[in-house]
1. Suppose we filter segment B:53-101 for residues that are assigned to a loop (DSSP other than H, G, I, E, B) and within 14 Å of another protein chain (Cβ to nearest Cβ); how many remain?
2. Condition check: within 14 Å of chain A (Cβ to nearest Cβ), farther than 15 Å from residue B:45 by Cα and buried (at least 24 other Cβ atoms within 10 Å of the Cβ). Does residue B:135 satisfy that?
3. Mind checking which pairs have a first residue in segment B:126-152 that is on the phi > 0 side of the Ramachandran plot and assigned by TED's automatic domain parsing to the domain that holds residue B:114 and a second that is part of a loop (DSSP other than H, G, I, E, B) and at pLDDT 95 or above, Cβ under 6 Å, 6 or more apart or different chains?
4. Suppose we filter segment B:298-325 for residues that are in contact (Cβ under 8 Å) with a residue 40 or more places away in the chain, more than 10 Å from chain A (Cβ to nearest Cβ) and surrounded by 23 or more Cβ atoms within 10 Å (Cβ to Cβ); how many remain?
5. Among the residues of segment A:1-26, write down those that are within 13 Å of the chain's Cα centre (by Cα) and within 11 Å of chain B (Cβ to nearest Cβ).
6. Kindly list the number of the only condition in (1) in a helix (DSSP H, G or I); (2) of a type outside the set (Gly, Ala, Ser); (3) without any contact (Cβ under 8 Å) to a residue 24 or more places away in the chain that fails for residue A:147.
7. Which condition from (1) surrounded by fewer than 17 Cβ atoms within 10 Å (Cβ to Cβ); (2) away from chain A (no Cβ under 14 Å); (3) closer than 21 Å to residue B:210 by Cβ is the one that residue B:15 breaks?
8. Tell me whether segment B:374-381 contains one or more residues that are assigned to a loop (DSSP other than H, G, I, E, B), in contact with a helix residue (DSSP H, G or I) (Cβ under 6 Å, 6 or more places away or on another chain), among the hydrophobic types (A, V, I, L, M, F, W, C) and within 14 Å of another protein chain (Cβ to nearest Cβ).
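The values are calculated or read from the model by the stated rules, or taken from the named source; none is laboratory data. Source: prediction; values computed, not measured. Note: ideal-geometry Cβ built from the backbone for every residue, glycine included; neighbour counts use all protein chains shown.
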Amino acid sequence: MAVKRYNVRMAGIGGQGVVTASHIISNGVVISGGYSSLVPFFGSEKRNAPVESYVRISNEEIYEIGEIIFPNVLMIFHPSVITLGKSYTMPFYTGLKQGGIILINSKTPLKFSRDEQRELDEKEAKLWYLPATEIANEVAKTDLATNMAMCGAISAIFGLPDLESLAASVKDRFVGKGIVTSGGTAALDSAIEKKFAKKQKLLEANHNTLKATYQYALDQGWANEGAGSKKESAAV
Amino acid sequence: MSNAVAKPKDWVPKGDLQKEISAEKMLLELPRELLFITGSEAAREAIKRANIDCAISYPITPQSETMQQAGYLYDEGYIKEYYRAEEEIGVMSATAGASRAGVRALTATSGPGLMRGMEAISSWPGARVTPVLLDMCRVINTPLAIQPDNIEISFLLNTGMIMLHAENQQDFFDYTLAACEVTEHVDVTLPAMVSVDGFFVTHARGPVSIPSDEYKLNRRDGWRSAVPAMDNENPPARISRDAPIQKSNFISYHMHASWQQEVFAALERSGKYFEKLLKGRIEIINPEAEDFIICSGSAVSQAREAVRQEGENGRVVGLVKVKTLRPFPTTSIVNALKNAKRILIPEFNQAGWMHKEVCSVLYGKCKANIVDGPRVFGGMTMPTEMVIEWLAKARKDFP
């Protein structure tokens, strides 16, 4: 069987849960029976500082480690990654494979410089805008669920991890065996828990957010293009 | 030393419920369960099964998460004593003291922390103490960075300590447990460092298969040692307060020479144990190849993927993974590479310490053209594409 390799680079800002999202997606792929690995990249753990995280997904054992320099998919968790250059990778699309997907958390399309637009066009990049923060606010009543919103959409686009495995992964993160992401996230956990008196309620809000953006991505027709791109241009 | 809430009177440390077994049984015989965990978690699982008496550390990224988790293990009773020292000189000195007292001691640090502790660490092998040091590599040069660059390993290559370089989370688990036992064999009695490239392994999630935590390694017997544990009522000979050692005369020179010769001989003797526990001190893929990659640590993962992609394109590339940097598996490397035509040595540091090591053992024993790279440094990733480009260039330069 030919080895398929899907490489996702996520960029966002500190406090959004980018690293947590990468753990959840990667763990979800493993739960669903696929192969995955991930590595985060950040400076000091502080709010608003640039954060990147990289997830590899495959149908075979993954050897490669470290940052993903040549991704198929970019997930931009915050517009300021692009507009303010809050990113370790500048410009944000550096290394994107031909025909790759860029999923941006923004209600409205962003304006790029002429050079940026030309390079994006040359790469035949698929630019998709997802109002992730708005959906998180609407469904979970908190923008802290933005990362869940991004996860839900990527599940629809790839079909991997499937929504069920993704939900199981979210559960792993917050209850049961727990997933260690970093020391700093422990503090964030307690802040979220205060807001949601019970973990069950927190899980429910997260699951609903996943479902909402999963459906949003389906409605946009991204799933078909995503699946198509998996077979052709976006697969390495 | 701890501010933890007092345990109830009927509390039983969980470590007391584990069954003691040898490293051979732990690593080679017990059935394993596959988990999807980070390198820091893999280290925690190893520590949980290592029968550690005393763990001491000082926080530094990317090591902190491992020893933070060691704190939980202490709370649960898998580690008998645990505390945060004042800084790394204190950590490394206290760890040596614990080991000298006859218990199994473990610590962990990263890049700048390792540099700070170097004075004390360098004294470990000669003192024949046996602590295990987990080293999560991190940039030490200016400008400051927390990303992986393994130049720090080169600073310890000539101390006389055992040095293992783990490729991934699985190795980090296995090598740590192997080190905990091999260090304590009577004919070894040396400290060990188990290095991994930080972040790429410590903070990255990957598959790790581990045996049940119902088992732990046999406890250390401090008397069964080349230099017995400290008996405080009868102070040991090997404390450098004896006049002949401190004074520069023929006796002190002889003593220094023999101590160092003993250390390096003991280091070589440790090789046979790793050969067994790690199933060889090197791993070879495609032994018949003309083009070879030889490396250690994270570079092996990138090389493995390069070998696979080259294979997909019909090109056979060989790979030699070096597991023990000290003792260096000289004979195995010479045998594996003697017929190679081109050799690439990818490294995650600027100096190319592995290149120097390999060149020194292959000199006069192999006709291959040895390429001086590829290398990345300052914490950067080496993309697989880079390894493949260098392979193509080597074929062109040395047809």
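1. 5
2. Numbers: within 14 Å of chain A (Cβ to nearest Cβ): no; farther than 15 Å from residue B:45 by Cα: yes; buried (at least 24 other Cβ atoms within 10 Å of the Cβ): yes.
When the stated conditions are applied, residue B:135 does not pass them.
3. Listed pairs, sorted by first residue: B:128/B:189.
4. 6
5. Once the filter is applied, which keeps residues that are within 13 Å of the chain's Cα centre (by Cα) and within 11 Å of chain B (Cβ to nearest Cβ), segment A:1-26 yields A:7, A:19, A:22, A:23, A:24, A:25, A:26.
6. Condition (3) is where residue A:147 drops out.
7. Against the list (1) surrounded by fewer than 17 Cβ atoms within 10 Å (Cβ to Cβ); (2) away from chain A (no Cβ under 14 Å); (3) closer than 21 Å to residue B:210 by Cβ, residue B:15 comes up short only on (1).
8. Filtering segment B:374-381 down to residues assigned to a loop (DSSP other than H, G, I, E, B) leaves B:374, B:376-381.
When the remaining residues are screened for being in contact with a helix residue (DSSP H, G or I) (Cβ under 6 Å, 6 or more places away or on another chain), the result is B:374.
Filter again for among the hydrophobic types (A, V, I, L, M, F, W, C), leaving none.
No, there is no match, as no residue in segment B:374-381 is assigned to a loop (DSSP other than H, G, I, E, B), in contact with a helix residue (DSSP H, G or I) (Cβ under 6 Å, 6 or more places away or on another chain), among the hydrophobic types (A, V, I, L, M, F, W, C) and within 14 Å of another protein chain (Cβ to nearest Cβ).
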